[in-house]
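Asker: There's a structure below that I have some questions on.
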Amino acid sequence: MSVPQGRRAVLAGMLALTGAALAASAPLPAVPWPGAVVVRGEGSVVVGDRAVAGLLADLAARADRARRRIAAIWGPVRPVVLFPETDAQAAVLAGASGVAATRGLAALATADRVVVLPGGYARLSEVGRDVVLTHELVHVATGATRGGRVPMWLSEGFADYVGYAGTGLDVRRVAAELAREVRAGVLPDRLPGPGDFAPGGARLPQVYEEAWLACRYVAARFGERALVRLYGSDVGTTLGLTAAEFTAGWRDHLRKELA
Ligand SMILES: [Zn+2]
């Protein structure tokens, strides 16, 4: 559910993909680990280590910004963000199958919260922190970790759509890896599937960018409301397109935006 390592140069070399479904997390205990403190934002709750209180307040402010951005496009979310002291603790809190499963990550989403990996998070740029936090909180808001009917290009693309909304970053810069391919005349012939999002894939950056651009295409041509309606629906019902027509329209959009 996260953002892959080395994915976008613009975010300053980040993060791997979790890929693996994470266990649904238990209710937040009063004190999740010894020495943890709770910092409340305007509409968010951050739990972290006392030693990094300034960082927790900053995180709460970012979580509040992310909450507003998500509310404007999707709907309400009440961010709960855990900021443990080590990446190993983060893996445990997220119910990951092991530290190796979270290597290179900056944050990941469970059903009802976001767990930040302090090592990966520290390597992010300022804008990268906002994008990653928003991306993961979108997964919480939409219930992406509960699995189900939403194709992966849509759940990942939509999380990035909201994550990058309002950042003012240029599309060719954010999707630099895919833009290089498109400029070289190479276009993907189908939307990415779950296998393409598997950790370690050579085209992982491009796969996320393809998904992001598919969502931007829907919003540009049919409106942002249509993109939201697409969740839990399909392109035929929502957009009146066959799968082939949708793919062709997306490819045209890639050419127009990135070439
Ligand atoms: Zn994700």
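Each value in this text was obtained by applying a stated rule to the coordinates, not by laboratory testing. A quick note: this is a predicted structure, and the numbers were derived from the prediction, not measured. We place every Cβ from the backbone using ideal geometry, glycine too, and count neighbours over all the protein chains shown.
Asker: So what's the net charge close to ARG183: Lys and Arg +1, Asp and Glu -1, counting the other residues with Cβ under 14 Å from its Cβ?
Answerer: +1
Asker: Using per-residue counts of other Cβ atoms within 10 Å, averaged over each peptide, order 34-43, 160-169 from highest down.
Answerer: Highest to lowest by the protection proxy: 160-169, 34-43.
Asker: Can you find, among VAL132, ALA94, GLY104, the residue farthest towards the positive end of the dipole of the range 78-165? Put +1 on the C-beta of Lys and Arg, -1 on that of Asp and Glu.
Answerer: The Cα lying farthest towards the positive end belongs to ALA94.
Asker: Listing PHE197, PHE222 from the residue with the fewest other Cβ atoms within 10 Å to the one with the most, what is the order?
Answerer: Fewest to most other Cβ atoms nearby, the residues stand as PHE222, PHE197.
Asker: Separate question: For the range 152-258, I need the span (max minus min coordinate) of the C-alpha atoms along each principal axis, in Å, sorted largest to smallest.
Answerer: 33, 29, 27
Asker: At a Förster radius of 22 Å, what calculated FRET efficiency corresponds to the Cβ-Cβ distance of ARG180 and THR86, to the nearest 0.05?
Answerer: 0.05
Asker: Another question about this same structure. What is the spin-label model distance, in nm, from ARG172 to ARG255 if the labels are put 7 Å beyond Cα along the C-beta direction?
Answerer: 1.8
Asker: Which residues' amide hydrogens lie under 5 Å from the amide hydrogen of ALA107, considering only partners 5 or more residues apart or on another chain, with H built in the peptide plane?
Answerer: VAL3, LEU117
Asker: Going highest first, how would you order 248-259, 113-124 by mean Cβ packing within 10 Å?
Answerer: 113-124, 248-259
Asker: Moving on. Under 12 Å from the Cβ of ALA60, count the other residues' Cβ atoms, weight Lys and Arg +1, Asp and Glu -1, and hand me the total.
Answerer: That sum, taken over residues with Cβ under 12 Å, equals +1.
Asker: Right, next: Restricting everything to alpha-carbon atoms, can you work out Rg to Rh for the range 121-198 with a Kirkwood hydrodynamic radius?
Answerer: Reported Rg/Rh (Cα atoms, Kirkwood Rh): 1.00.
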